[in-house]
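S.K.: For reference, the structure I am asking about is given below.
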Amino acid sequence: MISVPAYVFFRHKGIVSDHWYRGKPTVISNSACAGGIAEEPWDVFTSGQAWADEGHPGRLPTWEVLHRARSARRTPYHVLNWNCESFVAYCHGLPPNSPQLAAAALITLAGIALVAARS
């Protein structure tokens, strides 16, 4: 799994695949831009940004992670229920959740509470 910066505080996550394009692996990810799951060349996924190796979070073998990723292709993107993080977690056999989204919601609620407390 790799990630690249997205929307200032967030990271867009994808799964490095076993397919190659022009000497680099492709990346399978779930994004609003693609409208769902897409497998794209490394350079398209990273857009020239610094990328980070996020490791292999689950216990499933690589072939099964890739099978799950490709089998989910018809599932449309949804920012709350089926985003890049929930997709990657699902592919690795983990509960499909989004820690980044949960953190953003918590920070937003804390900000609202702080503003309300000052009023």
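Only the coordinates and a few stated rules stand behind these numbers; no lab work does. Here the structure is a predicted model, which means the values were calculated and not measured. All Cβ positions, even for glycine, are placed from backbone atoms using ideal geometry, and neighbour counts span all protein chains on display.
S.K.: For Ala32 paired with Glu54, estimate the spin-label separation in nm (one decimal), with each label point 7 Å from Cα along the Cα-to-Cβ line.
M.R.: Inter-label distance under the simple model: 1.7 nm.
S.K.: Using only the Cα atoms of the chain, build the gyration tensor, take square roots of its eigenvalues as a ≥ b ≥ c, and label the shape rounded, prolate or oblate: rounded if a/c is under 1.5, else prolate if a/b is larger than b/c, else oblate.
M.R.: Judged from the Cα gyration tensor, the chain comes out prolate (a/c at least 1.5, a/b above b/c).
S.K.: Here's another thing I want to ask about it. Using 0.36 nm per residue, how much length does the chain from Trp63 to His78 gain when fully extended, once their Cα-Cα distance is taken away?
M.R.: So the chain would gain 2.8 nm between Trp63 and His78.
S.K.: Next question. Compute the distance in nm between two label points, each set 7 Å from the Cα along the Cα-to-Cβ direction, one at Ala113 and one at Ala6.
M.R.: Distance between label points: 2.8 nm.
S.K.: Contact order normalised by length for the chain, with contacts defined as Cα pairs under 8 Å and 6 or more residues apart; what percent is it?
M.R.: About 24 percent, as a whole number.
S.K.: Starting from the stretch 1-106, pick out the chymotrypsin sites (Phe, Trp or Tyr not before Pro) whose DSSP state is loop and whose Cβ has at most 15 other Cβ atoms within 10 Å.
M.R.: Values: sites: Tyr7, Phe9, Phe10, Trp20, Tyr21, Trp42, Phe45, Trp51, Trp63, Tyr77, Trp82, Phe87, Tyr90; in loops: Tyr7, Phe9, Trp51, Tyr77.
In loop regions of the stretch 1-106 (DSSP not H, G, I, E or B), the sparsely surrounded chymotrypsin sites (Phe, Trp or Tyr not before Pro) are Tyr7, Phe9.
S.K.: Further question on the same structure: Using the alpha-carbon centroid of each, what span in Å lies between the stretch 1-21 and the stretch 28-54?
M.R.: The distance from the Cα centre of the stretch 1-21 to that of the stretch 28-54 comes to 5 Å.
S.K.: How large is the charge dipole for the stretch 11-119, taken about the Cα centre, if only the Cβ atoms of Lys, Arg (+1) and Asp, Glu (-1) carry charge, to the nearest 20 debye?
M.R.: So the magnitude is around 180 debye.
S.K.: Among the trypsin sites (Lys or Arg not before Pro) within the stretch 6-101, which fall in a DSSP loop and have no more than 16 other Cβ atoms within 10 Å of their own Cβ?
M.R.: For trypsin sites (Lys or Arg not before Pro) across the stretch 6-101 that sit outside H, G, I, E and B with at most 16 neighbouring Cβ atoms in 10 Å, the list reads Arg22, Arg59, Arg73, Arg74.
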